[in-house]
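**Q** Below is a structure I'd like to ask you about.
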Amino acid sequence: MELFSIGVNVLLTYWNKDFIDTFQRYDRPAFLRSLLYFTFIAITIIIVSVYKDYLTQLFLLRWRRWLTNDFLSKYLSKHAYYHMSLLKNDRPTINDTNDNPDQRISMDINSYTENIYTLAIGLLNAFVSLVSYVIVLWSLSGMIRIKITPNFSFEIKGLMVWSALIYAGLGTVITNLIGRALFHLKYVQEHCEANFRYGLVRLRDHTESVAFYRSELNEQASLTSFYLEIISNLRQIIRRKFILNWFNSFYTTVAIIFPFLVASPRYFLREVTLGNLLQIASAFESVHQSLSFIPNSYGIIVQWRSATKRLTEFQYVLNELHKAKQNSEIQFLYLPNERFMRIQELNVRLPLKIGEDNSRILINRLNLVLESHHAVLITGSSGSGKSTFLRTLAGIWPYGSGTITFPIGDTVAFLPQKPYCPVGSLRHCLTYPSTLSSSDDDMKIEHLLNLCQMNSWCDRLDEIQDWSQVLSLGEQQKMAFIRILYHRPQWLFLDEATSSLDEQAETDLYSILIQQLMNYSTIISVGHRNSLKQFHQIELALDNGHITILSL
C-alpha cells in the first residue's frame with residue numbers, strides 16, 4: 001500500500017509538469033485533459049490514503065495486543081510480579097530497572113509499537129521515494145560546466161542530486177549534534193512522570209491513613225518533590241528543543257528556495273521550461289525529504305528509544321526473576337499416596353542486597369513433618385520470619401534452600417493479613433479466583449454469609465464495587481474466610497488473617513473454620529494472640545532462625 005502510494009505521487013509530479021506547461025502554451029484542450037487525468041489520480045490517492053490508515057490501525061492494534069499479552073504473561077508467571085515488588089524501593093531512582101511496571105506495560109508498549117511502526121514505514125517510504133525521485137531528479141538535472149581558468153573547466157552531472165545529498169547530510173549531522181541529549185532527557189522524563197503518578201495513586205489508596213495522621217502537608221511536600229523533578233527535567237528539554245527548533249526552522253525554510261537557486265541558471269539560459277523548473281523543485285523536495293528522514297523524525301526517534309530502553313529493562317528484570325525462580329534451591333516435590341508435608345534441610349533467608357556479602361538467615365536447617373488434617377500455629381516475635389516462612393511453604397519465596405514435599409493433587413490456599421478484593425461483583429469477590437457461578441453457588445454463598453454473621457450482604461451479590469474501598473479491613477478479613485470456606489482447600493495458610501477482628505469475632509471465625517474444614521484441611525496459622533492456641537494442636541515457636549515444636 002505504501003509503495004503504491006509512492007508510485008501515485010511520482011505519477012503526480014509528471015502530471016504537474018504537463019499541467020503547468022498547458023498554461024505556458026495557452027493550450028486549453030490539453031488543460032481539460034489534464035483535469036480529467038487528475039480526477040483519476042485524486043480518486044486513487046483518496047482510496048489509498050483511507051485504506052492505508054485503516055489497515056495501519058488494525059495492524060498496530062493486533063501488534064500491541066500480542067506484545068501486551070506477552071509481557072503480562074511473563075509478569076504474572078512464576079510470581080515475577082511479587083518478586084519484583086520485593087526489589088522495589090519506596091522512592092525509585094533513575095537507575096532502577098524495575099520501577100513502575102504498570103506504566104511500562106500500559107503506556108510504553110503503546111508508544112513503542114506506534115513509534116517503531118511510524119519509523120519503519122517512514123524509512124521504507126524515504127528509501128523508495130529516494131530511489132524513485134532521484135532518477136527523476138537526475139534526468140532533469142542535466143549537466144553544468146564550471147570554469148576555473150580560461151583553459152580549465154569541469155562538468156558536474158546530476159548537480160541537483162548532489163546538492164540535495166550535501167544539504168540533507170549537513171542537516172542530519174547538525175541535528176544529531178544538537179538533539180542527541182534529548183534521548184536521555186526523554187527517558188528521565190518518563191521515569192519522573194511515572195513516579196509522580198505512582199505517588200498520586202499511593203495517596204489515593206491510603207486516604208484514610210493520611211487523614212487520620214493529618215499529614216496532608218507531608219504528602220503535598222512529597223508529591224511536590226516528585227513534580228519538581230518533572231519541572232526540572234522539562235526545563236532542560238525545553239532549552240534543548242529551543243536550540244534545535246532554531247536550526248530546524250532555518251533548515252526547512254532555506255530548503256524551500258534552495259532548489260530554485262541551484263536550478264535557476266539553467267532556466268535563465270532557457271535550457272528548461274517553467275514546468276521543468278517546477279518539476280525539478282518538486283522532485284528535489286521529495287529527494288530532500290527522503291534524505292532528511294532523521295532530522296524530520298528526530299522527535300519520534302527520541303520517543304521510540306525511550307520506550308525501547310524501558311521495555312528492554314523491564315524484559316531483562318522479568319527474565320532474571322524467572323531465572324532466579326528456576327535456579328531456586330528450594331525444591332518442591334508432590335508425591336502420590338502421601339499424607340504428610342515434609343520439610344527437609346530448609347534454609348530461608350532475605351534477598352541479598354547490593355554491597356552485602358551475606359544475607360540474613362531467617363530459618364536455619366529446619367527438618368519437620370506435619371501430618372494432614374492438623375492445625376499448626378506459628379509464633380514468634382515481630383520480624384522473626386513467620387510470614388516469610390509461610391510464603392516459603394506457599395511457594396512464592398525463592399530465597400533459600402531445602403526440600404518441601406506435599407501430597408500430589410492437594411489444593412493450597414494462602415490467606416494474607418490484608419485480603420485481596422478484586423473489582424467486580426460481591427459474588428466474584430467471595431468466590432475469587434473462581435470465575436464460574438450458578439444458583440447453587442448463590443445458595444452456598446448466602447449460607448456462608450449467614451454462618452459468618454454477614455447476612456446483611458446477601459442482597460448485594462450482584463453489586464459491582466471496589467470492595468477494598470467499601471468494606472472495612474475487618475469485613476474484608478471475614479469475606480476472606482468465607483472465600484476459604486467456599487473453596488475448601490486441603491492445605492490452608494493464614495498469615496495473621498484475623499488481626500483486624502476483635503477476639504470474639506476471631507474466636508467465632510476459627511470455630512467455624514475448624515468445624516467446617518478440620519476433617520478435610522490442614523491449617524497452618526501465623527498469629528500473636530494466645531487465644532488462637534485453643535484451635536491448634538501444634539505450635540512452631542520461631543526464634544533466631546530456629547523452630548521449637550510444642551504440643552498444645
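**Q** It is to be established whether one or more residues within region 291-306 are over 32 Å from the mean Cα position of the chain (by Cα), outside the structural domain of Gly385 (by TED's automatic domain parsing) and crowded, with 17+ Cβ neighbours inside 10 Å.
**A** Yes, that holds for at least one residue.
**Q** Which of the following residues is in a helix (DSSP H, G or I) and over 30 Å from Ser286 (Cβ atoms): Leu165, Leu185, Leu170?
**A** Leu185
Conditions tested, residue by residue: (1) assigned by TED's automatic domain parsing to the domain that holds Thr273; (2) in a helix (DSSP H, G or I); (3) crowded, with 18+ Cβ neighbours inside 10 Å; (4) at pLDDT below 85.
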| position | (1), (2), (3), (4) |
| --- | --- |
| Thr56 | yes, yes, no, no |
| Arg65 | yes, yes, no, no |
| Asn95 | yes, no, no, yes |
| Asn98 | yes, no, yes, yes |
| Leu137 | yes, yes, yes, yes |
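**Q** Another one. Testing Ser472 on (1) modelled with pLDDT of 90 or more; (2) within 27 Å of Ser209 (Cβ to Cβ), one condition comes back false. Which one is that?
**A** So Ser472 meets the others, but not (1).
**Q** Sticking with this one: Hey, can you tell me all the residues within region 363-400 that are in a helix (DSSP H, G or I) and not charged (D, E, K, R)?
**A** Residues satisfying the conditions are Ser387, Thr388, Phe389, Leu390, Thr392, Leu393, Ala394.
**Q** Can you find even one residue in region 505-513 that is touching a residue at least 40 places away in the same chain (Cβ under 8 Å), out of contact with any helix residue (DSSP H, G or I) (no Cβ under 9 Å at 6 or more places or on another chain) and closer than 22 Å to His447 by Cα?
**A** yes
**Q** Then there's this: Across region 261-282, which residue is surrounded by the most Cβ atoms within 10 Å (Cβ to Cβ) among those that are outside any helix (DSSP H, G or I) and not aliphatic (A, V, I, L, M)?
**A** In this case the residue turns out to be Thr273.
**Q** Could you check how many residues of region 206-260 are part of a helix (DSSP H, G or I), more than 30 Å from Thr175 (Cβ to Cβ) and not small (Gly, Ala, Ser)?
**A** Qualifying residue count, region 206-260: 15.
**Q** May I pose another question? Out of the residues in region 249-268 meeting the condition of being among the β-branched types (Val, Ile, Thr) and more than 12 Å from Leu159 (Cα to Cα), tell me which one is farthest from the chain's Cα centre (by Cα).
**A** For region 249-268, the residue satisfying everything is Ile257.
**Q** Quick one: which residue in Leu217, Leu177, Leu228 is without any contact (Cβ under 8 Å) to a residue 24 or more places away in the chain and surrounded by 12 or more Cβ atoms within 10 Å (Cβ to Cβ)?
**A** Of Leu217, Leu177, Leu228, the one residue that is without any contact (Cβ under 8 Å) to a residue 24 or more places away in the chain and surrounded by 12 or more Cβ atoms within 10 Å (Cβ to Cβ) is Leu228.
**Q** Check off (1) hydrophobic (A, V, I, L, M, F, W, C); (2) buried (at least 16 other Cβ atoms within 10 Å of the Cβ); (3) over 30 Å from Thr113 (Cβ atoms) for Phe23 and give me the number that stays unchecked.
**A** The failed condition is (2).
**Q** Failed condition for Tyr399, given (1) within 19 Å of Val376 (Cβ to Cβ); (2) surrounded by 20 or more Cβ atoms within 10 Å (Cβ to Cβ); (3) in contact (Cβ under 8 Å) with a residue 60 or more places away in the chain, with all others met?
**A** (1)
**Q** With assigned by TED's automatic domain parsing to the domain that holds Leu333, under 20 Å from Arg339 (Cα atoms) and surrounded by fewer than 19 Cβ atoms within 10 Å (Cβ to Cβ) as the only criterion, which of Val369, Val376 stands out?
**A** Selected residue: Val369, the only one of Val369, Val376 that is assigned by TED's automatic domain parsing to the domain that holds Leu333, under 20 Å from Arg339 (Cα atoms) and surrounded by fewer than 19 Cβ atoms within 10 Å (Cβ to Cβ).
**Q** Could you go through region 269-280 and let me know if any residue there is in the same structural domain as Leu130 (by TED's automatic domain parsing), under 17 Å from Trp162 (Cβ atoms), out of contact with any His (no Cβ under 7 Å at 6 or more places or on another chain) and of a type in the set (A, V, I, L, M).
**A** yes
**Q** Pairs please, first residue from region 249-264 and without any contact (Cβ under 8 Å) to a residue 40 or more places away in the chain, second anywhere and surrounded by 14 or more Cβ atoms within 10 Å (Cβ to Cβ), Cβ atoms under 7 Å, 6+ apart in sequence or on different chains.
**A** Listed by first residue and then by second, the contacts come to Phe260/Ala281.
**Q** May I pose another question? How many residues, within region 402-426, are surrounded by fewer than 17 Cβ atoms within 10 Å (Cβ to Cβ) and modelled with pLDDT of 90 or more?
**A** Of the residues in region 402-426, 1 are surrounded by fewer than 17 Cβ atoms within 10 Å (Cβ to Cβ) and modelled with pLDDT of 90 or more.
**Q** Let me ask something else. Within region 468-481, can one find any residue that is closer than 19 Å to Ser387 by Cβ and of a type in the set (Gly, Ala, Ser)?
**A** Within region 468-481, one or more residues are closer than 19 Å to Ser387 by Cβ and of a type in the set (Gly, Ala, Ser).
The values are calculated or read from the model by the stated rules, or taken from the named source; none is laboratory data. For clarity, every value in this text was computed on a predicted model and none was experimentally measured. Here the Cβ is made from the backbone with ideal geometry for all residues, glycine too, and neighbour counts use every protein chain on show.
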